[in-house]
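The values are calculated or read from the model by the stated rules, or taken from the named source; none is laboratory data. Everything quoted here is computed from the prediction, not taken from an experiment. A quick note on method: Cβ atoms are made from the backbone with ideal geometry, for glycine too, and the neighbour counts reach across all protein chains shown. Surface areas here come from the heavy atoms of the whole protein model, side chains and all, with no ligands, DNA or RNA. Shrake-Rupley method; radii C 1.70, N 1.55, O 1.52, S 1.80 Å.
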Amino acid sequence: MRAAVLEDYGEPLDIRDVDAPDPGPEGAVVELEACGICRSDWHGWQGDWDWLGIQPQPGQILGHEPAGRVVAVGDDVENVAEGDSVTVPFNLGDGTCPQCRTGHGNVCENVRPLGFVESVPGAFAEQLRVPVADQNAVSLPDGVSPVDMAGLGCRFMTSFHALAHRADVGGGDWVAVHGCGGVGLSAVHIASALGGNVVAVDLEDGKLEKANELGASETVNASEVENVPGEVKAITNGGATVSVDALGIATTCRNSVMSLATHGQHIQVGLSTQDEGGEVSLPTDLMVMQEIEFIGSLGMPPTDYDEIFRMVGDGKLDPSAVVSETVTLDDVSSRLEAMSDFGTMGIPVIDSF
């Protein structure tokens, strides 16, 4: 089968033939119909996250936002069958740890991030093996587009979990979103659907215009103001109720915290680059004085996907609105290169392998 393989950090992926996967007793093989290209893939392509122990090594197949059809299942699989349309969370649970057993498989104690470690080759390929398929293969509603469901991928469902489960977004709350890439635009759309008034912050007018289309009430071009938190506080009459760092650099993280009102909630979704190395200094005294919460949010438990599917079915959410373009497997390297200069809009999705 064809796959895009990491040869060296920052260099074009090698499109080549590799062995097709075998499901194994507890796994399933999915024939890919679509796969998102995510900034997390860019991080792996850059060689980031050695401080997390998930730095992809040469020979790794990247890709972690898949949608496709099951073509083979192992003898021990009970809940997945050939022909099923599925998506797969990017953090694969083992199904047995205390977190998985209590519905928190996104933070499995033995988690394996899809496409980042050797034991789980990723979805920039014609086929994908899903380990522990009864835990990790999520059946899709009938009639949905694979491209839309790949758009649902890690960025959309990560933002949903952050805003609907980890934070406490309610009707009329001011929600600031710092960084309007794929996960940030998803957060804008979701926060608006949950009843929030959204302030979108970015450096590029084009992304801010897209944020307006997805439901942002106000926008701030961070390249045109000296004090981003001050601008957000002026717009929100004192500060945001919830603020999201959707990028993961020191500036957006601190701006997000400092944009909050008293008792505000900061949600950290973006993971850091080599410049931060996993650590960012914060205004801790301010956080104490204002009783600000700092909340981490990772992915989404597969048991909760039905919440998104119901809102999509009711017309309240539209993952396709965040999909910016469809490309082929051969285009992956060019889209990753564009991300180095924030040159992509929304979510690019592979629909031809």
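List every residue pair whose Cβ atoms lie under 6 Å apart, where the two residues are 6 or more positions apart in sequence or sit on different chains, the first residue falls within region 104-121 and is at negative phi, and the second residue, located anywhere, is open to solvent by 10 Å² or more (accessible area, probe 1.4 Å) and polar (S, T, N, Q).
So the pair list comes out as Asn106/Asn91; Val107/Gln99; Cys108/Gln99; Glu109/Gln99; Val111/Asn91; Arg112/Ser119; Pro113/Asn91.
Taking region 255-304 as the search range and keeping residues that are among the charged types (D, E, K, R) and in contact with a helix residue (DSSP H, G or I) (Cβ under 8 Å, 6 or more places away or on another chain), which one is nearest to Lys233 (Cα to Cα)?
Glu276
Which of (1) at pLDDT 95 or above; (2) open to solvent by 10 Å² or more (accessible area, probe 1.4 Å); (3) closer than 20 Å to Ile37 by Cα does Leu203 not meet, given it meets every other one?
(3)
Taking the residues in region 326-353 that are touching a strand residue (DSSP E or B) at 6+ places or on another chain (Cβ under 7 Å) and open to solvent by 60 Å² or more (accessible area, probe 1.4 Å) as candidates, determine which candidate is modelled with the lowest pLDDT.
Once the filter is applied, the top-ranked residue is Met345.
Which numbered condition in (1) under 22 Å from Asn212 (Cα atoms); (2) touching a residue at least 40 places away in the same chain (Cβ under 8 Å); (3) of a type outside the set (Phe, Trp, Tyr) is the only one that Ile295 fails?
(1)
Which residue out of Ser334, Ser320 is over 24 Å from Arg112 (Cβ atoms) and under 15 Å from the mean Cα position of the chain (by Cα)?
Ser320
Has region 182-197 got any residue that is β-branched (Val, Ile, Thr) and closer than 27 Å to Gln274 by Cα? Lay out the reasoning, then the answer.
Within region 182-197, the first condition is being β-branched (Val, Ile, Thr), and the residues that meet it are 183, 188, 190.
Right, trim to closer than 27 Å to Gln274 by Cα and you get 183, 188.
The answer is yes; a qualifying residue exists.
For region 302-325: of the residues being assigned to a strand (DSSP E or B) and not polar (S, T, N, Q), which is most open to solvent (accessible area, probe 1.4 Å)?
First, pick out the residues of region 302-325 that are assigned to a strand (DSSP E or B): 323-325.
Subset that is not polar (S, T, N, Q): 323, 325.
Numbers: Val323: 31, Glu325: 61 Å².
Checked region 302-325; the qualifying residue most open to solvent (accessible area, probe 1.4 Å) is Glu325.
Check whether at least one residue in region 41-50 is under 22 Å from Ala137 (Cβ atoms) and surrounded by fewer than 23 Cβ atoms within 10 Å (Cβ to Cβ), and report yes or no.
no
So, Glu293, is that one touching a strand residue (DSSP E or B) at 6+ places or on another chain (Cβ under 6 Å) and among the charged types (D, E, K, R) or not? Steps first, answer last, please.
On the way: touching a strand residue (DSSP E or B) at 6+ places or on another chain (Cβ under 6 Å): yes; among the charged types (D, E, K, R): yes.
Here the answer is yes, as Glu293 does meet what is asked.
For region 149-161, check the following and say yes or no: at least one residue is open to solvent by less than 10 Å² (accessible area, probe 1.4 Å), farther than 17 Å from Cys253 by Cβ and modelled with pLDDT of 95 or more.
Looking through region 149-161, at least one residue is open to solvent by less than 10 Å² (accessible area, probe 1.4 Å), farther than 17 Å from Cys253 by Cβ and modelled with pLDDT of 95 or more.
Anything in region 60-119 that is open to solvent by 10 Å² or more (accessible area, probe 1.4 Å), hydroxyl-bearing (Ser, Thr, Tyr) and within 17 Å of the chain's Cα centre (by Cα)? List them, or say none.
Answer for region 60-119, where residues must be open to solvent by 10 Å² or more (accessible area, probe 1.4 Å), hydroxyl-bearing (Ser, Thr, Tyr) and within 17 Å of the chain's Cα centre (by Cα): there is none.
So for region 213-221 (the condition being more than 24 Å from Ser320 (Cα to Cα) and touching a residue at least 24 places away in the same chain (Cβ under 8 Å)), does at least one residue qualify?
Checked against the condition, which is being more than 24 Å from Ser320 (Cα to Cα) and touching a residue at least 24 places away in the same chain (Cβ under 8 Å), region 213-221 yields no hits at all.
Check Ile54 against each of (1) among the aliphatic types (A, V, I, L, M); (2) modelled with pLDDT of 95 or more; (3) surrounded by fewer than 22 Cβ atoms within 10 Å (Cβ to Cβ) and name the one condition it does not meet.
Here Ile54 clears every test but (2).
For residues that are within 16 Å of the chain's Cα centre (by Cα) and either among the aliphatic types (A, V, I, L, M) or open to solvent by less than 10 Å² (accessible area, probe 1.4 Å) (or both), tally how many sit in region 162-178.
Kept after step one, since they are within 16 Å of the chain's Cα centre (by Cα), are these residues of region 162-178: 162-166, 177-178.
Still in the list and also either among the aliphatic types (A, V, I, L, M) or open to solvent by less than 10 Å² (accessible area, probe 1.4 Å) (or both): 162-164, 177-178.
Of the residues in region 162-178, 5 are within 16 Å of the chain's Cα centre (by Cα) and either among the aliphatic types (A, V, I, L, M) or open to solvent by less than 10 Å² (accessible area, probe 1.4 Å) (or both).
Determine which member of the set Asp48, Asp8, Asp22 is in contact (Cβ under 8 Å) with a residue 60 or more places away in the chain, under 25 Å from Thr344 (Cα atoms) and not basic (Lys, Arg). Step through it out loud before you land on a result.
Working: Asp8 fails: in contact (Cβ under 8 Å) with a residue 60 or more places away in the chain; Asp22 fails: under 25 Å from Thr344 (Cα atoms).
Answer to the selection: Asp48.
Inside region 269-295, can you point out the residues that are open to solvent by 40 Å² or more (accessible area, probe 1.4 Å), outside any loop (DSSP other than H, G, I, E, B) and closer than 17 Å to Val244 by Cβ?
Glu293, Phe294
Pull up region 247-267, narrow it to residues that are out of contact with any Asp or Glu (no Cβ under 7 Å at 6 or more places or on another chain) and open to solvent by 10 Å² or more (accessible area, probe 1.4 Å), then point me to the one that is farthest from Trp49 (Cα to Cα).
By that ranking, first place goes to Ala261.
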